[in-house]
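Everything below concerns the one structure shown next.
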Amino acid sequence: MRDTGRDAEGSQADVYMTQTNHVVFFDTTLRDGEQSPGCSMTTQEKLTMAHALEELGVDILEAGFAMASEGDFAAISTITQAIRKPRIASLARAKSEDIEMAARALQFADRARIHVFLASSDLHLEYKLKIGRQEALDLTGEAVRLARSLCDDVEFSPEDSTRSDRDFLVDMVRIAVEAGATTINMPDTVGYSTPEEYGRMFAEVRERIPAIDEKGVILSSHCHDDLGLAVANSLAAIQNGARQVECTINGIGERAGNAALEEIAAALYVRRDHYGVDTSVQLDKLFPTSQVLGQIITFRPSPNKAVVGDNAFAHESGIHQHGMLANPLCYEIMTPALVGVAKTHLVLGKHSGRAALRHRLEQLGFTVDRDELQHVYYRFVALADRKKNIYDQDLIGLLPDEIRERRHMPVAELD
Ligand code: KIV
Ligand code: ZN
């Protein structure tokens, strides 16, 4: 860990610590994402993904959990030697051997972070860790102090924050802050919270621990999607003072996944009038990064996935296609180009109208008059009733010879 980025001049690395309107993107695709079924990656695959995340502009990249396996250790170490822009983090339990292992894996990083976690809910303390509250508080202080002695950027996460007794959670966070944690992350580990509750937890913890603001400690959200609320909860945290969001590409992660990075980034941009914060995410890299991940792991996002799904910029219904051709703003709140998608797709299917059919025919080099369009449209609808996907070749096959012979220079390639 050569330079921790917290030097006297306030290096570039510290920008996110001082700009209160800046939301730090902490990507955990390679840690929380990777530890879910169908998502494991080799070191080489993690490195490919890390390059894509660096291009995307994430501020912090959680490269793995050093103590978990030799593979994780190797991936973290490899990434610290190849990736320069984002700060690199390793997860560690509140145990000295984990923390020391994380520090070793991060030793070549320009800027490093040790991310220590310990459960704060009675359920986890009693059944998983079999320790009492006081022991958990003692472990918190010891672990954060040890981590700080090895790295001056330390994040502490009280796991299962949202199901923890609030007074106890506040005690634990206070101890972590006193021990030197620079970021406090309060995870909704099981995706149980609602936006109102999650937001309120941030406001309350911040209000009850003045040292958070006095010391410039960053509050962070980390949400799971068990009830489909991970992105909404993350945004609620931001509205209540969180200035770091933990998220993954395509929302991969334990069970139903983590908050989807692309959705948070797009929401903060498209509704910047509402949220009033900025980020370093290069929005036009969202789709390409999603594609890189889809090629590495065993599944791609569902077609109707917001922002990066195949249908996110596809329109089939006649009314929508007509509106889109008149003015894309009718049915699109962001351009495909904004998030790196090549173009809007007007899908021809049984719900399409004449306007979209004429548009596609013209793109393919066929000009038709009103009567011809009507004729081709009837044949098209009959075909669309039988066939789910209509390709350009199908369309051309529907055309009478006299139209086909009049073909001029196409402006679009055949699909
Ligand atoms: O979901 C969770 O609680 C976590 C922590 C380790 C931050 O992933
Ligand atoms: Zn998690």
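Would it be correct to say that residue 118 is in a helix (DSSP H, G or I) and in the same structural domain as residue 82 (by TED's automatic domain parsing)?
Values: in a helix (DSSP H, G or I): no; in the same structural domain as residue 82 (by TED's automatic domain parsing): yes.
Taking the combined requirement at face value, the residue does not satisfy it.
Please go through the range 321-335 and pick out each residue that is at pLDDT 95 or above and among the hydroxyl-bearing types (Ser, Thr, Tyr).
Residue satisfying the conditions is 335 alone.
Determine if the range 259-278 includes at least one residue that is part of a helix (DSSP H, G or I), within 16 Å of ligand 2 (Cβ to nearest atom), closer than 12 Å to residue 339 by Cβ and modelled with pLDDT of 95 or more. So that I can check it myself, show each step before the final result.
Going through the range 259-278, the residues part of a helix (DSSP H, G or I) turn out to be 261-270, 272-275.
Then drop every residue that is not within 16 Å of ligand 2 (Cβ to nearest atom), which leaves 261, 264.
From what's left, closer than 12 Å to residue 339 by Cβ: 261.
Now restrict to residues that are modelled with pLDDT of 95 or more: 261.
Yes, the range 259-278 contains a residue that is part of a helix (DSSP H, G or I), within 16 Å of ligand 2 (Cβ to nearest atom), closer than 12 Å to residue 339 by Cβ and modelled with pLDDT of 95 or more.
Being assigned to a loop (DSSP other than H, G, I, E, B) and within 16 Å of ligand 1 (Cβ to nearest atom) is the filter here; which residues of the range 182-200 pass it? Working first, answer last.
Going through the range 182-200, the residues assigned to a loop (DSSP other than H, G, I, E, B) turn out to be 182, 189-194.
182, 189, 190, 191, 192, 193, listed by residue number.
Within the range 247-281, count every residue that is farther than 23 Å from residue 304 by Cα and not aromatic (Phe, Trp, Tyr). If you could, list the steps in order and put the result at the bottom.
If we filter the range 247-281 for residues that are farther than 23 Å from residue 304 by Cα, which is where we start, we get 272-280.
Narrowing further to those that are not aromatic (Phe, Trp, Tyr): 272-274, 276-280.
Number satisfying all stated conditions: 8.
Restricting to the range 51-79, name every residue that is buried (at least 24 other Cβ atoms within 10 Å of the Cβ) and part of a helix (DSSP H, G or I).
Pass one, the range 51-79, residues buried (at least 24 other Cβ atoms within 10 Å of the Cβ): 53, 56, 58, 60-66, 72, 75-76, 79.
53, 56, 72, 75, 76, 79, listed by residue number.
In the range 31-42, how many are farther than 18 Å from residue 263 by Cα and either small (Gly, Ala, Ser) or buried (at least 19 other Cβ atoms within 10 Å of the Cβ) (or both)?
At the first step, the residues of the range 31-42 found to be farther than 18 Å from residue 263 by Cα are 31, 34-42.
With the extra rule that they be either small (Gly, Ala, Ser) or buried (at least 19 other Cβ atoms within 10 Å of the Cβ) (or both), the set shrinks to 31, 34, 36, 38-41.
Final tally of qualifying residues: 7.
Which number in (1) part of a helix (DSSP H, G or I); (2) at pLDDT 95 or above marks the one condition that residue 366 misses?
(1)
Looking at the range 326-340, is at least one residue in a loop (DSSP other than H, G, I, E, B), more than 30 Å from residue 261 (Cα to Cα) and within 35 Å of the chain's Cα centre (by Cα)? Let's see the steps before the verdict.
Of all residues in the range 326-340, those in a loop (DSSP other than H, G, I, E, B) come to 327, 331-335, 340.
Keeping just the survivors that are more than 30 Å from residue 261 (Cα to Cα) gives none.
No, the range 326-340 contains no residue that is in a loop (DSSP other than H, G, I, E, B), more than 30 Å from residue 261 (Cα to Cα) and within 35 Å of the chain's Cα centre (by Cα).
Testing residue 235 on (1) within 16 Å of ligand 1 (Cβ to nearest atom); (2) crowded, with 23+ Cβ neighbours inside 10 Å, one condition comes back false. Which one is that?
Unmet for residue 235, out of (1) within 16 Å of ligand 1 (Cβ to nearest atom); (2) crowded, with 23+ Cβ neighbours inside 10 Å: (1).
Of all residues in the range 153-167 being in a helix (DSSP H, G or I) and within 16 Å of ligand 1 (Cβ to nearest atom), which is surrounded by the most Cβ atoms within 10 Å (Cβ to Cβ)?
First, the residues of the range 153-167 that are in a helix (DSSP H, G or I): 161-163, 166-167.
From what's left, within 16 Å of ligand 1 (Cβ to nearest atom): 161-163.
Numbers: 161: 27, 162: 23, 163: 18.
Here the answer is 161.
Among (1) surrounded by fewer than 24 Cβ atoms within 10 Å (Cβ to Cβ); (2) within 16 Å of ligand 2 (Cβ to nearest atom); (3) within 17 Å of the chain's Cα centre (by Cα), which single condition is residue 190 missing?
The one condition residue 190 does not meet is (3).
The values are calculated or read from the model by the stated rules, or taken from the named source; none is laboratory data. Source: prediction; values computed, not measured. Quick reminder, even Gly has a Cβ in these numbers, built from the backbone with ideal geometry, and neighbours come from all protein chains shown.
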